[in-house]
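Only one structure is covered here, and it is reproduced in the block below.
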Amino acid sequence: MLTRKAKYGLKAMVHLAGIEPGRTALVTDIASANQIPKKFLDAILAELRNAGFVHSKKGKGGGYTLARAAEQIPVGNIIRVLDGPLAPIQCASKTVYRRCDDCRDETKCAVRLVMLEAREAIANVLDTRTLAQMRALAETGDAELVIEA
């Protein structure tokens, strides 16, 4: 399940994708527009900055901006930074795989096999959708148009 942290992070990134290139957005404005607690958003944006997704600028004209074009940012990467791996269980993870202690033969473990399938389905959607597509959804509300684009 997507945590509140990742949900708020995605909302903030969609907000930033909607501002004019070269401009910045204040944390207070992002928080207010998206009903996100400012203090929580500060921490989320710091993580996204450390991961290279956003740039911050202090002082007059300061705020946050995307570090690269929204078309170049897969949604799955944002979620991984904020929530960790997409896999529902560690033995199905590609990035932090760890064998389960209670599993005798993971090649025949029905739970693992289904969770691998779920992980692939989730990754297929989140890694092929970009922040730009999410922004387009926010503007049009039409998933069919956005997915085809």
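Every residue, every condition in (1) under 18 Å from the mean Cα position of the chain (by Cα); (2) under 16 Å from Ile79 (Cα atoms); (3) of a type outside the set (A, V, I, L, M, F, W, C); (4) crowded, with 19+ Cβ neighbours inside 10 Å, yes or no:
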site: Ile30; (1), (2), (3), (4): yes, no, no, yes
site: Asn34; (1), (2), (3), (4): yes, no, yes, no
site: Lys38; (1), (2), (3), (4): no, no, yes, no
site: Leu41; (1), (2), (3), (4): yes, yes, no, yes
site: Ile44; (1), (2), (3), (4): yes, yes, no, yes
site: Glu47; (1), (2), (3), (4): yes, yes, yes, no
site: Phe53; (1), (2), (3), (4): yes, yes, no, yes
site: Gly62; (1), (2), (3), (4): no, no, yes, no
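Within the set of pairs 6 or more residues apart or between chains, which connect a residue that is in contact (Cβ under 8 Å) with a residue 24 or more places away in the chain and under 26 Å from Gly9 (Cα atoms) inside region 81-109 to a residue that is surrounded by 14 or more Cβ atoms within 10 Å (Cβ to Cβ) and among the basic types (Lys, Arg) with Cβ atoms less than 7 Å apart?
Leu82/Lys5; Asp83/Lys5; Leu86/Arg80; Leu86/Arg119; Ala87/Arg119; Pro88/Arg119; Ala92/Arg112; Ala92/Arg119
Going by the conditions given, is Ala12 within 24 Å of Ile122 (Cβ to Cβ), surrounded by 15 or more Cβ atoms within 10 Å (Cβ to Cβ) and in contact (Cβ under 8 Å) with a residue 60 or more places away in the chain?
Criteria not met by Ala12.
Please verify whether Val96 is crowded, with 18+ Cβ neighbours inside 10 Å and either closer than 19 Å to Ala132 by Cα or among the β-branched types (Val, Ile, Thr) (or both), treating the condition exactly as stated.
On the way: crowded, with 18+ Cβ neighbours inside 10 Å: no; either closer than 19 Å to Ala132 by Cα or among the β-branched types (Val, Ile, Thr) (or both): yes.
No, not satisfied.
What are the pairs with Cβ atoms under 8 angstrom where one residue, in region 110-139, is more than 17 Å from Pro85 (Cβ to Cβ) and the other, located anywhere, is part of a helix (DSSP H, G or I) and of a type in the set (S, T, N, Q)? Sequence gap at least six, or different chains.
Thr130/Gln72
Looking for something surrounded by fewer than 17 Cβ atoms within 10 Å (Cβ to Cβ) and closer than 19 Å to Ala6 by Cα - is there at least one such residue anywhere in region 102-111?
no
Each row is one residue, and each column tells you yes or no for (1) more than 29 Å from Arg112 (Cβ to Cβ); (2) modelled with pLDDT of 95 or more; (3) of a type outside the set (Phe, Trp, Tyr).
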{"position": "Met1", "(1), (2), (3)": "no, no, yes"}
{"position": "Leu10", "(1), (2), (3)": "no, yes, yes"}
{"position": "Lys60", "(1), (2), (3)": "yes, no, yes"}
{"position": "Leu66", "(1), (2), (3)": "yes, yes, yes"}
{"position": "Ile73", "(1), (2), (3)": "yes, yes, yes"}
{"position": "Gly76", "(1), (2), (3)": "no, yes, yes"}
{"position": "Pro88", "(1), (2), (3)": "no, no, yes"}
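For region 37-67, name all the residues that are of a type in the set (Lys, Arg) and part of a loop (DSSP other than H, G, I, E, B).
Within region 37-67, Lys58, Lys60 qualify.
Would it be correct to say that Thr130 is hydroxyl-bearing (Ser, Thr, Tyr) and surrounded by 13 or more Cβ atoms within 10 Å (Cβ to Cβ)?
Judged against the criteria, Thr130 is a match.
The values are calculated or read from the model by the stated rules, or taken from the named source; none is laboratory data. Since we're looking at a predicted model, the values are computed, not measured. Here the Cβ is made from the backbone with ideal geometry for all residues, glycine too, and neighbour counts use every protein chain on show.
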